[in-house]
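The block underneath contains the structure these notes are about, expressed in structure tokens.
The values are calculated or read from the model by the stated rules, or taken from the named source; none is laboratory data. Note that this is a predicted model, so its numbers are computed, not measured. Note: ideal-geometry Cβ built from the backbone for every residue, glycine included; neighbour counts use all protein chains shown.
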Amino acid sequence: MSKKEFLYEGKAKRIYRTDDPGKYLVEFKDEATAFDGKKRGIIEGKGVYNNLISAYFFKLLEKEGIPTHYLETISDREMLVRAVTIVPLEVVVRNVVAGSLSKRLGLPEGTALPAPIVEFYYKRDDLGDPMLNCSHIQVLGLATEEELKTMRELALRTNEVLRRHLEEKGLLLVDFKLEFGRTAEGTIILADEISPDTCRFWDRATTERLDKDRFRRDLGGVAEAYAEVWRRLVGSEEDV
Ligand code: C5P
């Protein structure tokens with residue numbers, strides 16, 4: 001599979017076309033940004049861990065019947081995915097209060113929610129990714145009612161699969177962000193990545209943060225936290 005025309009560069013990934021029009025190549029970078037790009041840095045080895053961890057979760061979800069864009073891992077920083085058009089929404093699922101929810105509602109971080117909360121944000125850097133409700137999404141034509149229903153259901157099923165799996169590994173899934181894509185046939189599938197960049201993982205015993213909050217909040221040990229998540233998932237680091 002040869003890498004062809006460069007298609008898109010995001011904050012943490014580059015996307016390329018391949019010689020197969022139905023497949024894209026995703027390359028994971030070490031660059032990290034936070035607070036709408038106002039904070040920037042390099043997390044040594046992050047791209048390698050995010051590639052490994054995302055592939056691990058996508059495979060787990062596929063096994064549970066949740067369709068994802070993942071096809072195969074090509075190298076330590078690259079995966080092959082199904083070509084999709086990204087729906088310009090960030091779908092956030094929360095089990096425990098943290099981050100922006102804590103600020104918005106004045107609830108202390110760490111408060112368990114009685115049921116998961118699903119939120120939609122408009123992927124628009126120039127607007128600071130505002131939160132949208134279902135009316136905004138439908139009236140703006142970002143997704144149909146049917147697609148919204150599918151994304152909400154897939155997000156909640158993803159939450160159940162990941163939450164239970166991580167619990168066995170001693171990790172609490174506090175919250176996470178998903179992105180969805182439309183295939184050429186118009187089917188909604190899970191896309192983007194699922195990694196410590198896009199999830200909050202807390203050690204269940206100590207509540208230590210093992211995710212990008214270490215970078216956002218200058219807590220130190222950022223690369224070590226990503227490595228620790230991978231170690232928890234596979235029980236060793238022999239694949240790195
Ligand atoms: O910042 P906030 O508390 O709303 O983030 C909720 C979850 O969504 C966190 O796990 C965070 O890592 C993720 N997120 C993300 N990309 C964004 C915003 C949030 O991955 N642009």
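Please specify each residue of region 160-177 satisfying the condition of being farther than 14 Å from residue 118 by Cα and away from the ligand (no atom under 16 Å from the Cβ).
161, 164, 165, 167, 168, 169, 170
For the condition among the β-branched types (Val, Ile, Thr) and surrounded by fewer than 16 Cβ atoms within 10 Å (Cβ to Cβ), what is the one hit in 198, 206?
On the way: 198 fails: surrounded by fewer than 16 Cβ atoms within 10 Å (Cβ to Cβ).
Just a single option satisfies the conditions, and that option is 206.
Any residue at all in region 69-84 that is assigned to a strand (DSSP E or B), within 16 Å of the ligand (Cβ to nearest atom) and not aromatic (Phe, Trp, Tyr)?
Pass one, region 69-84, residues assigned to a strand (DSSP E or B): 70-75, 78-82.
Subsequent filtering for residues that are within 16 Å of the ligand (Cβ to nearest atom) retains none.
Within region 69-84 (the criterion being assigned to a strand (DSSP E or B), within 16 Å of the ligand (Cβ to nearest atom) and not aromatic (Phe, Trp, Tyr)), the answer is no, since none of the residues qualifies.
Table: residues versus (1) within 16 Å of the ligand (Cβ to nearest atom); (2) over 19 Å from residue 231 (Cα atoms); (3) under 16 Å from the mean Cα position of the chain (by Cα).
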{"site": "146", "(1), (2), (3)": "no, yes, no"}
{"site": "151", "(1), (2), (3)": "yes, yes, yes"}
{"site": "158", "(1), (2), (3)": "yes, yes, yes"}
{"site": "199", "(1), (2), (3)": "yes, no, yes"}
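If we scan region 64-72, do we find a residue that is within 22 Å of residue 186 (Cα to Cα) and of a type in the set (Ser, Thr, Tyr)?
yes
Of the residues that sit in region 85-100 and are within 18 Å of residue 153 (Cα to Cα) and of a type outside the set (A, V, I, L, M, F, W, C), which one is farthest from the ligand (Cβ to nearest atom)? Give the derivation first.
Residues of region 85-100 that are within 18 Å of residue 153 (Cα to Cα), as a first pass: 86-95.
When the remaining residues are screened for being of a type outside the set (A, V, I, L, M, F, W, C), the result is 88, 90, 94-95.
Working: 88: 12, 90: 6, 94: 7, 95: 11 Å.
Out of the qualifying residues, it is 88.
Okay, residues lined up against (1) modelled with pLDDT under 95; (2) touching a Lys or Arg at 6+ places or on another chain (Cβ under 7 Å); (3) of a type in the set (Phe, Trp, Tyr); (4) within 21 Å of residue 47 (Cβ to Cβ):
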site	(1), (2), (3), (4)
173	no, yes, no, no
177	no, no, no, yes
187	no, no, no, no
197	no, yes, no, yes
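Find the strands (runs of 3 or more DSSP E) located wholly in region 165-222 whose residues include 2 or more that are closer than 22 Å to residue 86 by Cβ and touching a residue at least 12 places away in the same chain (Cβ under 8 Å), and list them. So that I can check it myself, show each step before the final result.
Working: elements: 171-182, 188-191, 199-203.
Here the list reads 171-182, 188-191.
Looking only at residues that are surrounded by 15 or more Cβ atoms within 10 Å (Cβ to Cβ) and assigned to a helix (DSSP H, G or I) in region 101-130, which one is farthest from the ligand (Cβ to nearest atom)?
Ranking the candidates gives 102 first.
Please specify each residue of region 73-90 satisfying the condition of being under 17 Å from residue 54 (Cα atoms) and of a type in the set (Ser, Thr, Tyr).
If the condition is that a residue be under 17 Å from residue 54 (Cα atoms) and of a type in the set (Ser, Thr, Tyr), then 73, 75 are the ones that fit.
Condition (residue is among the basic types (Lys, Arg) and either modelled with pLDDT under 95 or in the same structural domain as residue 124 (by the TED database) (or both)) applied to region 57-70: is it met by at least one residue?
From region 57-70, those among the basic types (Lys, Arg) are 59, 63; that's our starting set.
If we keep only those that are either modelled with pLDDT under 95 or in the same structural domain as residue 124 (by the TED database) (or both) too, we end up with none.
No, region 57-70 contains no residue that is among the basic types (Lys, Arg) and either modelled with pLDDT under 95 or in the same structural domain as residue 124 (by the TED database) (or both).
Which members of region 225-240 meet the condition of being away from the ligand (no atom under 16 Å from the Cβ), free of Cβ contacts under 8 Å to residues at least 60 places away in the same chain and under 19 Å from the mean Cα position of the chain (by Cα)? Please lay out each step first, then the result.
Our first condition is that a residue be away from the ligand (no atom under 16 Å from the Cβ); within region 225-240, this holds for 227-228, 230-240.
Now narrow it down to the ones that are free of Cβ contacts under 8 Å to residues at least 60 places away in the same chain: 228, 231, 235-238.
Across region 225-240, the qualifying residues are 228, 231.
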